[in-house]
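The values are calculated or read from the model by the stated rules, or taken from the named source; none is laboratory data. Keep in mind it's a predicted model, so treat the numbers as computed, not measured. Please note: Cβ atoms are built from the backbone with ideal geometry, for glycine as well, and neighbour counts cover all protein chains shown. Heads up: the accessible areas ignore ligands, DNA and RNA and are worked out on the full protein's heavy atoms, side chains in. Shrake-Rupley method; radii C 1.70, N 1.55, O 1.52, S 1.80 Å.
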Amino acid sequence: MKFEDIVSTLKDKSKRTVIITFLTMLYNFFWSIAKILLGALSGGYFFCASGVVTLLIGSIKYIFYRNHDHDSMNVKTQKSIKICILLIAIGLLYAGYMSTLFVYPQLEQYDVIVAIAIATFSFIELAISIRNALIDRKKGDTLLSALRNCNLASAIFAIVLTQVALMTSQGEDASIGSAISGIIAGVIVVIIAVIYLIKLKRRQKDMIA
């Protein structure tokens with residue numbers, strides 16, 4: 001492929017979304033395997049659970065990647081429903097393993113510069129996720145909206161990581177605060193997924209009718 005063709009492809013938002021989803025999907029799969037293996041070898045439940053969450057996020061992106069260009073609206077709706085169910089599982093699992101911080105604090109310590117960098121990128125990710133979710137929802141593509149909900153969930157989890165990084169960089173015990181924030185983040189993700197799932201179910205009934 002020529003350089004001009006690559007530039008042209010990247011200028012197309014829909015094609016760019018597919019490419020970014022594919023690349024981040026690969027990252028999620030490889031990173032999830034690494035975290036699960038690390039957790040299994042070290043006996044750390046926290047890393048294993050975190051790895052499963054990352055694996056499920058990668059699975060959602062895989063569903064989008066495989067079905068984004070499908071012609072059937074019914075198929076896209078069914079796949080979107082599957083994504084919502086996975087998002088609910090992700091939210092519950094995330095809230096569950098973050099709640100373990102009440103009993104077993106296992107937070108990594110971050111340097112101030114690293115913490116500031118994480119905070120900056122996390123808020124940028126959140127802003128972009130909210131913007132894309134609002135814009136793409138108007139297009140009526142159920143599968144794309146489901147993907148945006150997944151990206152929004154990742155951004156919400158990144159905000160929790162930001163709290164952890166900022167607090168630990170100041171030498172504070174972030175376990176209790178992070179546990180509470182993690183539970184709230186997980187519940188928010190579940191609520192987002194449930195609301196969209198209800199919307200999809202109604203749309204599915206309208207198709208049948």
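Here is how the numbers come out for the structure above:
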| read-out | value |
| --- | --- |
| Residue identified as among the hydroxyl-bearing types (Ser, Thr, Tyr) and closer than 17 Å to LEU87 by Cα among SER122, SER129, SER178 | SER129 |
| Considering residues of the range 17-30 that are open to solvent by 70 Å² or more (accessible area, probe 1.4 Å) and either small (Gly, Ala, Ser) or within 14 Å of LEU56 (Cα to Cα) (or both) only, the residue farthest from the chain's Cα centre (by Cα) | PHE30 |
| Test: residue in the range 163-172 that is within 30 Å of LYS79 (Cβ to Cβ), modelled with pLDDT under 80 and acidic (Asp, Glu) | no |
| Set SER59, SER14: member being open to solvent by less than 80 Å² (accessible area, probe 1.4 Å), at pLDDT below 80 and under 30 Å from GLN204 (Cβ atoms) | SER14 |
| Conditions (1) at pLDDT 75 or above; (2) surrounded by fewer than 14 Cβ atoms within 10 Å (Cβ to Cβ); number of the one not met by TYR65 | (2) |
| Boolean, LEU147 is part of a helix (DSSP H, G or I), touching a His at 6+ places or on another chain (Cβ under 7 Å), open to solvent by less than 10 Å² (accessible area, probe 1.4 Å) and not small (Gly, Ala, Ser) | no |
| Enumeration of residues in the range 159-169 that are more than 27 Å from CYS84 (Cα to Cα) and surrounded by fewer than 22 Cβ atoms within 10 Å (Cβ to Cβ) | LEU166, MET167, THR168, SER169 |
| Residue that is modelled with pLDDT of 80 or more and surrounded by fewer than 19 Cβ atoms within 10 Å (Cβ to Cβ), where the choices are ILE156, ILE188, ILE130, ILE192 | ILE188 |
| Flag for TYR62 being touching a residue at least 60 places away in the same chain (Cβ under 8 Å) and part of a helix (DSSP H, G or I) | no |
| Filtered residue count, the range 79-92, keeping only those that are open to solvent by 90 Å² or more (accessible area, probe 1.4 Å) and either in contact with a Gly (Cβ under 6 Å, 6 or more places away or on another chain) or of a type outside the set (A, V, I, L, M) (or both) | 1 |
| Pick from the range 133-144, criterion on the phi < 0 side of the Ramachandran plot and in a loop (DSSP other than H, G, I, E, B), ranking: most open to solvent (accessible area, probe 1.4 Å) | LYS138 |
| Selection count, the range 171-209, where residues are touching a residue at least 24 places away in the same chain (Cβ under 8 Å) and not in a helix (DSSP H, G or I) | 2 |
| Residue ID - modelled with the lowest pLDDT, chosen from residues in the range 93-117 that are surrounded by fewer than 16 Cβ atoms within 10 Å (Cβ to Cβ) and assigned to a helix (DSSP H, G or I) | VAL114 |
